[in-house]
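The structure appears right after this line, and notes come after that.
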Ligand SMILES: Nc1nc2c(c(=O)[nH]1)N[C@H]1C(S)=C(S)[C@@H](COP(=O)(O)OP(=O)(O)OC[C@H]3O[C@@H](n4cnc5c(=O)[nH]c(N)nc54)[C@H](O)[C@@H]3O)O[C@H]1N2
Ligand SMILES: Nc1nc2c(c(=O)[nH]1)N[C@H]1C(S)=C(S)[C@@H](COP(=O)(O)OP(=O)(O)OC[C@H]3O[C@@H](n4cnc5c(=O)[nH]c(N)nc54)[C@H](O)[C@@H]3O)O[C@H]1N2
Ligand code: SF4
Ligand SMILES: [Mo]
């Protein structure tokens, strides 16, 4: 037997940041379990996290650089040779077409790998390109739009840990483990909050695992979030249950808001959104009673029709009920890893910054938060312009599978002059890539959890540091390091999150992480002394009084116009041709397109079934396990049916991340299918952020001919 040791670390597959203990033998992870000493996750770890040994050391891991040959097959190539060739081709592309012809896509995982998160944006900017895209703009950019139109409370929001009521809308933390402070050991956390007296309201077309814990569950018709939110606002305003003093001081547009939600009476909303009228009114009462609490939205409303408007109205509930810390309140988490910033009891006014940056070549869509909108990426590649996107660097993502209108995206990726993927797996995008650079995985790189969102996610001043606890395969590099190597070959300095890197001698990842935390409130060395993470005793911070006079804008004219349009819409419920609504949801077994091929996951879930209410199946003459076609006005995919009474009638729930490339000859029972073939990324998308409609898609189910 070789050397055996146990290491502490934390999982970085999702925002759960679960503390783990790893048994390591001969530098390979042989066992993993939750770390009971972790102050927030207390021994919890989900089945994905527990697959680490297979994920790191399994046969499907990409451990060498690969180059695509003319015949389409990929062959191993020494990393330096790959980097030489990439740099040379990139140089040619930039010389001929300018730096804006180079784009980057950052997928989900880099979010949680501290250094990977910052790797691409600064790299592209140092090349002179603004073409940075991420998954944020196909999942929750409605939150950005809402912020830019309503404004933001500079002292943050109420935390669930201090709240009397919490409303989760299209957000299922018990599965997604993605819900701010409810992300840490979510079931135990929610249970404890409920025992303390917090009321939980869930708005979701499915009776989700989270809805099972709710005091009140509104199982709305998919895609009716605008109606439902307007109905809640209507009740609160009509009955004068808003926080009048707060509104008086901090809110502009109250009369316009009142007028805009006037048509959304409880009866009208109950009919249209398919919820019980009295429950709707009760939800408004419970929420308005507070006094502390929050509406928190997930992908459900943010991927649906009118997602920007839905997000706006849900946020208006927080605003008119004044759900924000006030001057003198103690700040739950003043931060540990980031510098302290003052929190003032005031509004940072709306800025509408998308109108200010350089818009996209196609459709003229402006950037937000330093990102171009992913809904336009395929067109940016296919555009006739000389400076169209010709080269794409993907770090930890799989756009060939994850993007709406899969066929168009795949055609676009094929049209690139250079596609480079930095990834530990041979995913669908890898099949199209010119080069795959083998990425290091969690446990092979140092990290801290949720650095850029620590004060929002961690309810208390928590921090942890993990070094790399197992060595990475010898031919792999850290994500950022590949980009540094390319910059060096191009002779261009690499700015990493505002820091100019030494281009003679690359820093180590540990040094780079220390640079990122150089203004932390607790020194990194001290954080590192607590291997299970720690709640740090940082000095108390209180919300300061306001030093400016600014107001939230609750009903600007563009929002009012869109809402009036929704009020006028008819026959939103049923069309004879597409009577059902396909809804997006996540499952415990997979993370987007990841883990489905790991042996233990495949045993549990080989395919992404289309889940329907058993009565809907029976009425349509179908049975569980039938293979059918799911048909939208845009496309058609096969699916295996499943019966699930938790799905409301009229909805069909199917998760994403399954299936291969379009036209792969696959057995749907073995490979699943990709719902992105049903989604039109151009016609059915929102103004401002080009956000496609990824849920509540009108469909029908057809027997396979
Ligand atoms: N139809 C439909 N489509 C959807 C959705 C939906 O609900 N419905 N959801 C959307 C959402 S919310 C998102 S966020 C996107 C996700 O879109 P993507 O991020 O493009 O897709 P993922 O499958 O998450 O790909 C992540 C990749 O990161 C790799 N990876 C893991 N760890 C590391 C690492 O440390 N370094 C590097 N370099 N790579 C790593 C994995 O191997 C994987 O290939 O998909 C979207 N697509
Ligand atoms: N296990 C696991 N965890 C994940 C992921 C994963 O793939 N697997 N993905 C990660 C990513 S990238 C993200 S962005 C987060 C997302 O985190 P969440 O937003 O919590 O994602 P879901 O768990 O899919 O919850 C969305 C809910 O919206 C509901 N819904 C669908 N349509 C509608 C609608 O029209 N209106 C309303 N109100 N609800 C609707 C669905 O039934 C579902 O329960 O999760 C992250 N965590
Ligand atoms: S919940 Fe998230 S962080 Fe925790 S073990 Fe699962 S995947 Fe990892
Ligand atoms: Mo996402």
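Give the residues of region 286-305 that are under 18 Å from the mean Cα position of the chain (by Cα) and more than 15 Å from ligand 4 (Cβ to nearest atom), sorted by residue number. Walk me through how you get there before you give the answer.
To start, the set of residues in region 286-305 that are under 18 Å from the mean Cα position of the chain (by Cα) comprises 295-305.
Residues satisfying the conditions are 295, 296, 305.
Which of the residues spanning region 1-52 are touching a residue at least 60 places away in the same chain (Cβ under 8 Å) and over 26 Å from the mean Cα position of the chain (by Cα)?
Of everything in region 1-52, those that are touching a residue at least 60 places away in the same chain (Cβ under 8 Å) and over 26 Å from the mean Cα position of the chain (by Cα) turn out to be 7, 8, 22, 24, 27, 28, 29, 37.
State yes or no: is residue 275 buried (at least 19 other Cβ atoms within 10 Å of the Cβ) and in contact with a strand residue (DSSP E or B) (Cβ under 8 Å, 6 or more places away or on another chain)?
On the way: buried (at least 19 other Cβ atoms within 10 Å of the Cβ): yes; in contact with a strand residue (DSSP E or B) (Cβ under 8 Å, 6 or more places away or on another chain): yes.
Against the criterion (buried (at least 19 other Cβ atoms within 10 Å of the Cβ) and in contact with a strand residue (DSSP E or B) (Cβ under 8 Å, 6 or more places away or on another chain)), residue 275 qualifies.
Out of all the residues in region 456-467, which are surrounded by 19 or more Cβ atoms within 10 Å (Cβ to Cβ) and part of a loop (DSSP other than H, G, I, E, B)?
Within region 456-467, the subset surrounded by 19 or more Cβ atoms within 10 Å (Cβ to Cβ) is 457-459, 461-466.
Selection gives 458, 459, 461, 464, 465.
Among the residues of region 153-162, is there at least one that is more than 16 Å from ligand 2 (Cβ to nearest atom) and under 18 Å from residue 366 (Cα atoms)?
Pass one, region 153-162, residues more than 16 Å from ligand 2 (Cβ to nearest atom): 153-159, 161-162.
So of that shortlist, the ones also under 18 Å from residue 366 (Cα atoms) come out as none.
Looking for residues that are more than 16 Å from ligand 2 (Cβ to nearest atom) and under 18 Å from residue 366 (Cα atoms), one finds none in region 153-162, hence no.
Of the numbered conditions (1) within 16 Å of ligand 4 (Cβ to nearest atom); (2) surrounded by fewer than 21 Cβ atoms within 10 Å (Cβ to Cβ), residue 135 satisfies every one except a single condition; which is it?
Of (1) within 16 Å of ligand 4 (Cβ to nearest atom); (2) surrounded by fewer than 21 Cβ atoms within 10 Å (Cβ to Cβ), only one is false for residue 135: (2).
I'd like the full set of residues that are more than 13 Å from residue 704 (Cα to Cα) and touching a residue at least 40 places away in the same chain (Cβ under 8 Å), limited to region 622-643.
Of everything in region 622-643, those that are more than 13 Å from residue 704 (Cα to Cα) and touching a residue at least 40 places away in the same chain (Cβ under 8 Å) turn out to be 632, 633, 634, 635.
What number of residues within region 12-34 satisfy the criterion of being more than 14 Å from ligand 3 (Cβ to nearest atom), part of a loop (DSSP other than H, G, I, E, B) and in contact with a helix residue (DSSP H, G or I) (Cβ under 6 Å, 6 or more places away or on another chain)?
0
How do the strands (runs of 3 or more DSSP E) wholly within region 559-646 filter down when requiring 3 or more residues that are more than 22 Å from residue 273 (Cα to Cα): which remain? I'd like the intermediate steps shown before the answer.
Working: elements: 580-583, 610-612, 627-631, 636-643.
Strands (runs of 3 or more DSSP E) meeting the threshold: 627-631, 636-643.
Of all residues in region 580-609, which are away from ligand 2 (no atom under 15 Å from the Cβ) and at pLDDT 95 or above?
Within region 580-609, the first condition is being away from ligand 2 (no atom under 15 Å from the Cβ), and the residues that meet it are 599, 602-603, 606-607.
Listed by number, the list holds a single entry, 607.
Rundown of residues vs (1) touching a strand residue (DSSP E or B) at 6+ places or on another chain (Cβ under 9 Å); (2) at pLDDT 95 or above; (3) assigned to a loop (DSSP other than H, G, I, E, B), yes/no style:
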{"site": "441", "(1), (2), (3)": "yes, yes, yes"}
{"site": "454", "(1), (2), (3)": "yes, yes, no"}
{"site": "473", "(1), (2), (3)": "yes, yes, yes"}
{"site": "480", "(1), (2), (3)": "yes, yes, no"}
{"site": "484", "(1), (2), (3)": "yes, yes, no"}
{"site": "493", "(1), (2), (3)": "yes, yes, yes"}
{"site": "503", "(1), (2), (3)": "no, yes, yes"}
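So how many residues does region 1-21 have that are within 25 Å of residue 186 (Cβ to Cβ) and either modelled with pLDDT under 95 or within 16 Å of ligand 1 (Cβ to nearest atom) (or both)?
Number satisfying all stated conditions: 11.
Regarding residue 422, is this residue assigned to a strand (DSSP E or B), under 17 Å from residue 122 (Cα atoms) and either away from ligand 2 (no atom under 16 Å from the Cβ) or in contact with a strand residue (DSSP E or B) (Cβ under 9 Å, 6 or more places away or on another chain) (or both)? So that I can check it myself, show each step before the final result.
Numbers: assigned to a strand (DSSP E or B): yes; under 17 Å from residue 122 (Cα atoms): yes; either away from ligand 2 (no atom under 16 Å from the Cβ) or in contact with a strand residue (DSSP E or B) (Cβ under 9 Å, 6 or more places away or on another chain) (or both): yes.
Taking the combined requirement at face value, the residue satisfies it.
Among the residues of region 337-354, is any under 20 Å from residue 458 (Cβ atoms), outside the structural domain of residue 121 (by TED's automatic domain parsing) and within 24 Å of the chain's Cα centre (by Cα)?
Of the residues in region 337-354, the ones under 20 Å from residue 458 (Cβ atoms) are 337-343.
Now restrict to residues that are outside the structural domain of residue 121 (by TED's automatic domain parsing): 337-343.
If we keep only those that are within 24 Å of the chain's Cα centre (by Cα) as well, we get 337-338.
Within region 337-354, one or more residues are under 20 Å from residue 458 (Cβ atoms), outside the structural domain of residue 121 (by TED's automatic domain parsing) and within 24 Å of the chain's Cα centre (by Cα).
So residue 105 passes all but one of these: (1) within 16 Å of ligand 4 (Cβ to nearest atom); (2) in a loop (DSSP other than H, G, I, E, B); (3) closer than 24 Å to residue 393 by Cβ. Which condition number does it fail?
That leaves (2) as the condition not met.
The rows are residues; the columns are (1) in the same structural domain as residue 491 (by TED's automatic domain parsing); (2) over 17 Å from residue 433 (Cα atoms); (3) within 16 Å of ligand 1 (Cβ to nearest atom); (4) surrounded by 19 or more Cβ atoms within 10 Å (Cβ to Cβ).
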| site | (1), (2), (3), (4) |
| --- | --- |
| 40 | no, yes, no, yes |
| 44 | no, yes, no, yes |
| 49 | no, yes, yes, yes |
| 52 | no, yes, yes, yes |
| 62 | no, no, yes, yes |
| 65 | no, no, yes, yes |
| 70 | no, no, no, no |
| 73 | no, no, no, no |
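Taking the residues in region 35-69 that are part of a helix (DSSP H, G or I) and within 16 Å of ligand 2 (Cβ to nearest atom) as candidates, determine which candidate is farthest from residue 8 (Cα to Cα).
Taking region 35-69 and keeping what is part of a helix (DSSP H, G or I), we get 49-57.
So of that shortlist, the ones also within 16 Å of ligand 2 (Cβ to nearest atom) come out as 49-52, 55.
Details: 49: 14, 50: 14, 51: 16, 52: 14, 55: 18 Å.
Out of the qualifying residues, it is 55.
Scan (1) buried (at least 23 other Cβ atoms within 10 Å of the Cβ); (2) modelled with pLDDT under 95 for the single condition residue 675 breaks and write down its number.
The number of the failed condition is (2).
Among the listed residues 668, 647, 652, which satisfies the condition of being away from ligand 2 (no atom under 11 Å from the Cβ), in the same structural domain as residue 592 (by TED's automatic domain parsing) and in contact (Cβ under 8 Å) with a residue 40 or more places away in the chain? Show your work before the answer.
Details: 647 fails: away from ligand 2 (no atom under 11 Å from the Cβ); 652 fails: away from ligand 2 (no atom under 11 Å from the Cβ).
Criteria check complete, one pass: 668.
Can you find, within region 134-169, the residue that is farthest from ligand 1 (Cβ to nearest atom) among those that are outside any helix (DSSP H, G or I) and within 13 Å of the chain's Cα centre (by Cα)?
Let us first name the residues in region 134-169 that are outside any helix (DSSP H, G or I), namely 134-135, 140-141, 151-159, 163-169.
From what's left, within 13 Å of the chain's Cα centre (by Cα): 134-135, 140-141.
Numbers: 134: 8, 135: 3, 140: 7, 141: 11 Å.
Per the stated criteria, the residue is 141.
Listed here are the residues, each with its yes/no results for (1) at pLDDT 95 or above; (2) surrounded by fewer than 23 Cβ atoms within 10 Å (Cβ to Cβ).
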| residue | (1), (2) |
| --- | --- |
| 161 | no, yes |
| 166 | yes, no |
| 169 | yes, no |
| 173 | yes, no |
| 181 | no, no |
| 192 | yes, yes |
| 197 | yes, yes |
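When you check residue 271 against the structure, is it farther than 30 Å from residue 543 by Cα and out of contact with any helix residue (DSSP H, G or I) (no Cβ under 8 Å at 6 or more places or on another chain), yes or no?
Details: farther than 30 Å from residue 543 by Cα: yes; out of contact with any helix residue (DSSP H, G or I) (no Cβ under 8 Å at 6 or more places or on another chain): yes.
Criteria met by residue 271.
Sort out which residues of region 429-443 are crowded, with 24+ Cβ neighbours inside 10 Å and closer than 14 Å to residue 398 by Cβ, and write them in order of number.
429, 433, 436, 439
The values are calculated or read from the model by the stated rules, or taken from the named source; none is laboratory data. Please read all numbers here as calculations on a predicted model, not as lab measurements. Virtual Cβ from ideal backbone geometry, glycine too; neighbours counted across all protein chains shown.
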